[in-house]
Every structure is written in structure tokens, then in C-alpha cells.
Amino acid sequence: SRLWGVTRNPWNLDYTPGGSSGGSGAVLAAGMAALATGSDIGGSIRIPASACGLVGYKPPYGRNPATPPFNLDFYNHPGPMARSVEDCLLMQNIMCGPHPKDIVSLKPKLELPIDRGGVSGWKIAYSLDLGYYEVDEDVRRNTLAALDVFRSLGAEVVEVDLGWTKKSEKAADDYLRTIFGAWVAEYLDERAEKLTDYSRAFAQASQSVTAQDFLASLYTAGEMYSTFGPLMEEFDVFVCPTLALPAVKADYLPSDGLTINDKTVDPRHGWIMTYPFNMLSRCPVLSVPSGRAANGVPTGIQIVGKTYCDGDVFRAGLAFETAVGGWFADTSTRPAL
């Protein structure tokens, strides 16, 4: 932002730590903080978690209380970020529960156990591209390696077709412009010149979104779950990359344009694979590191559970973390600062 300047990824300063909780991701990866929070509306926990090699949790909608009016936005999920699955789980237990000022906060409070029962005998579904993303080769390779870890732990791992298309990208965009964009548009007055170019463009675009666009976005979210929900009756969890690209450059602007594998993709949404699960907001999602790309930037996978089955994604995450030996254990597995 113009107030704080460019935030950089401690693994490679040429790249972004992601956002919007990018500062949280950077200080966690650098060892300057033990825990952090984020507000995941389109991926703002999981994006920096992936780009910074961290664990980030998007709880089901309503699990963690929030403040009005965005507690009423079902894309909005406050949650924890940490350097380990167990730390993330313990922080989630502190953050969750009903609050007298949040009408959507769920009762009773859920206390997650540290369940190290493993995934032997589980069925795990996966997709490398959710049906419509162009995915970087480093991300693809690391995701396949992570799936092999689950196989080695005794899980059956099956590739699935969700039937999703780029229609979901427009739906998410229209929804976010309707609520979040309208909020940013409040600054299109004498303060407009202080906004970044991309914030101002987003706010301006929000003013042309109609009630019909908003309704269509809800129809699309329903269509997406009409395939995902029945599919998950056969599986314990679903796995996909968190980001289609390890990260964009630190000073990247959407106006620069974006390519993955030499193919042009949407400059704002084409590299983030998180927002579909804001649309499927009742599904818990845990992002864990899957490795690092050739440029040194970490990559991540999303472990997605059935609606409100928080314990399943943490059990899978704990099993995976134990199998790979964890992260940030010594100087060889931390950013060289």
C-alpha cells in the first residue's frame, strides 16, 4: 500500500508473501512472531500461508466470531496462521466459539483434539487444477509429491472431476464487488487519490454490479456444491493446490498482466485457488506447505473437509506434517535472513 510500501517474502525478497494478511505471513516465516490471524474472504489466510510456507486455517463460516457487517458475509472467515499444524489447531481452539455480538457465531464451542490417528484407510479426492486453472509446474510437482505422502500413510488417493468452470471466477468477483467492493467504494471521494490503482479500480468496478449479478453468484455457488457435496460422500477429504503459482513478484500490479506456463490468466484471480472454498463457505480448509519452487518460494496444498468437519482436516494435516518432518525445524528449513 502507499502507507506501508511493498511487503516482501522472506524466502525470496523479489516475491510477495501474498495477501491480504501478507505482513502476518512474512513475520511468521521470518520468526518475528509465533502466531497470527487473518480474515479469509477470498484466501487472505491461505494465500500467505502457501507463499510463506506456513499453516493457515479457514474455518467453516460462523465457527469463529467476527464483527458486523462482515460477520454476515458468508465469504468471511477469521482464522489462525502458524508455523505448525498443532500451533494452528491450538490457536483455532482459542478463537472459535459463540459471541454475544455475532449472530452467526456457532454454538456450542468446538474444542478440536490433537488427533494423531492418521489417515490409513481414508479415501482422499484430489484435483490439480479444479477443472479450469493453469497450474505452474513446480506447484503441480509438489502437489503430486504431497499426494504420494498420503498414499504412503495408507490412504487411497483418487483424482476427481468437479465439473467446475471459469464461471465460478466471475461469480466470486461479482459477489466480492457487491459487498466488499461497496465498502471500498466509500473511499471514492477526496481520498480516492490515496488509494492504490488496483483498489480504486476494484471500487469503481463494484459500482456497476447489479442485484441480478449478486443473485447469479449465489446460483453458481449452489451449482458448485451440487457436485462437490455428493462427491464428498465418498471421500474423507479433498486436496488441491493452494496457489496456481508459488507467488507473483513483490511489486506486481494486476495491470501488469499475468501468465502461467506461457498462457495468459486472469491477473487478479488466475493464480489463487482459494476463493472457490469461500464460495463453499461451510467447508473447513487447512493450507499446509507442500515444498518449495525453483525460485525458493514455498508452495502449498489445501486440505478441504466436509461441511463443519473441522477435525478431519486437522487430522490429515497432522499426519502429513509428521510424515514430512514438519517445517522451520532448523536453519536449513528457515528463510536465510
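The values are calculated or read from the model by the stated rules, or taken from the named source; none is laboratory data. Being a predicted model, the structure only gives us computed values, none of them experimental. Counting neighbours? That spans all protein chains shown, and the Cβs are built from the backbone with ideal geometry, glycine included. Side chains are part of the model used for accessible areas, which takes the heavy atoms of the whole protein and leaves out ligands, DNA and RNA. Shrake-Rupley method; radii C 1.70, N 1.55, O 1.52, S 1.80 Å.
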With in contact with a Pro (Cβ under 6 Å, 6 or more places away or on another chain) and not hydroxyl-bearing (Ser, Thr, Tyr) as the only criterion, which of 254, 276, 246, 230 stands out?
254
Within the range 303-324, residues being open to solvent by 10 Å² or more (accessible area, probe 1.4 Å), within 20 Å of residue 80 (Cα to Cα) and of a type in the set (A, V, I, L, M) number 1
Selection within the range 163-217 - modelled with pLDDT under 90 and at positive phi
none
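What helices (runs of 4 or more DSSP H) lie completely within the range 3-102 and have 2 or more residues being acidic (Asp, Glu)?
The qualifying helices (runs of 4 or more DSSP H) are 85-95.
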Hey, among 327, 271, which residue is aromatic (Phe, Trp, Tyr) and open to solvent by less than 50 Å² (accessible area, probe 1.4 Å)?
271
Looking only at the range 87-136, which residues are touching a residue at least 40 places away in the same chain (Cβ under 8 Å) and of a type in the set (Val, Ile, Thr)?
104, 114, 119, 124, 135
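Would you please name the residue that is nearest to residue 310 (Cα to Cα), looking only at residues in the range 96-129 that are of a type in the set (A, V, I, L, M) and in contact with a Leu (Cβ under 7 Å, 6 or more places away or on another chain)?
112
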Can residue 300 be described as small (Gly, Ala, Ser) and surrounded by fewer than 23 Cβ atoms within 10 Å (Cβ to Cβ)?
no
For the condition under 19 Å from residue 74 (Cβ atoms) and under 21 Å from the mean Cα position of the chain (by Cα), what is the one hit in 218, 147?
218
Could you check, for the range 35-48, whether at least one of its residues is closer than 21 Å to residue 107 by Cβ and in contact (Cβ under 8 Å) with a residue 60 or more places away in the chain?
no
Could you list, in sequence order, all residues of the range 12-22 that are at pLDDT 95 or above, under 24 Å from residue 89 (Cβ atoms) and open to solvent by 10 Å² or more (accessible area, probe 1.4 Å)?
18
In the range 150-175, which residue that is surrounded by fewer than 20 Cβ atoms within 10 Å (Cβ to Cβ) and of a type in the set (S, T, N, Q) is farthest from the chain's Cα centre (by Cα)?
152
